[in-house]
Amino acid sequence: MPDISFYLLSSTSAQERYLFACKLIEKAYRSGVACYVLTDHAEQSQLLDNLLWTFRAGSFIPHQIYNGQIPDAPLVTLIGHQPAPAAWRHTLINLSTHCPEAFLHLQRLLEILDQNEETKAAGRQRYRQYQQAGISIATHNL
C-alpha cells in the first residue's frame with residue numbers, strides 16, 4: 001500500500017500550488033528519490049517544466065517532460081500526463097484531477113490541494129477512492 005499524503009494549501013492560487021509542488025520535487029531530489037509529477041495535459045506539464053527552472057534562484061533539479069522515453073539518468077524528475085513508468089513509481093506528485101493509474105503500486109503519493117472549489121472537489125473524490133482501497137491517508141494543513 002502506498003503512503004498517501006494530502007497537502008491542503010490556504011491559497012486559491014494555482015501558482016502557489018505549483019510552487020509548493022516544486023518544493024516537494026526539490027526535497028525528493030535532494031533525498032535521492034526520483035519522482036513523477038502527474039498532470040492533466042501537456043500544457044500543464046510544460047508550465048511545471050518551465051517553473052522548475054525558475055522557482056528558486058540557485059536551485060537545480062534535473063527534470064524533463066515524459067514522452068514515453070526513459071531518461072538515461074536515474075534521478076531525473078519526470079513530468080507528464082501519461083501513467084508513470086515503473087522506475088518512477090517510488091514517489092508520485094499528483095497535480096491532475098484524477099487518481100493515478102495503478103496507484104496501489106506506488107510507494108508514496110503526494111496530493112496538493114488549494115482552496116479552489118474545483119480542485120477541492122476533485123481532491124475529495126480521490127480521497128474517497130483511496131479510502132475505499134483501504135489506504136490510510138495523512139493530511140497536512142498548510
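Do we have any residue at all in segment 103-124 that's assigned to a helix (DSSP H, G or I), out of contact with any Leu (no Cβ under 7 Å at 6 or more places or on another chain) and either of a type in the set (Lys, Arg) or open to solvent by less than 40 Å² (accessible area, probe 1.4 Å) (or both)? Scanning segment 103-124 turns up at least one residue that is assigned to a helix (DSSP H, G or I), out of contact with any Leu (no Cβ under 7 Å at 6 or more places or on another chain) and either of a type in the set (Lys, Arg) or open to solvent by less than 40 Å² (accessible area, probe 1.4 Å) (or both).
When LEU109, LEU47, LEU78 are checked against the criterion of being under 11 Å from the mean Cα position of the chain (by Cα) and either of a type in the set (D, E, K, R) or more than 13 Å from PRO2 (Cβ to Cβ) (or both), a single residue qualifies: LEU78. Applying the criterion of being assigned to a helix (DSSP H, G or I) and charged (D, E, K, R) to the residues of segment 38-87, the residue that is most open to solvent (accessible area, probe 1.4 Å) is GLU43. Filtering THR97, THR54, THR91 for residues that are in contact with a Lys or Arg (Cβ under 6 Å, 6 or more places away or on another chain) and either at positive phi or of a type outside the set (Gly, Ala, Ser) (or both) leaves a single hit, THR91.
The values are calculated or read from the model by the stated rules, or taken from the named source; none is laboratory data. Treat the numbers as computed from the prediction; the structure is a model and nothing was measured. Virtual Cβ from ideal backbone geometry, glycine too; neighbours counted across all protein chains shown. The area values use the complete protein model at the heavy-atom level, side chains included, leaving out ligands, DNA and RNA. Shrake-Rupley method; radii C 1.70, N 1.55, O 1.52, S 1.80 Å.
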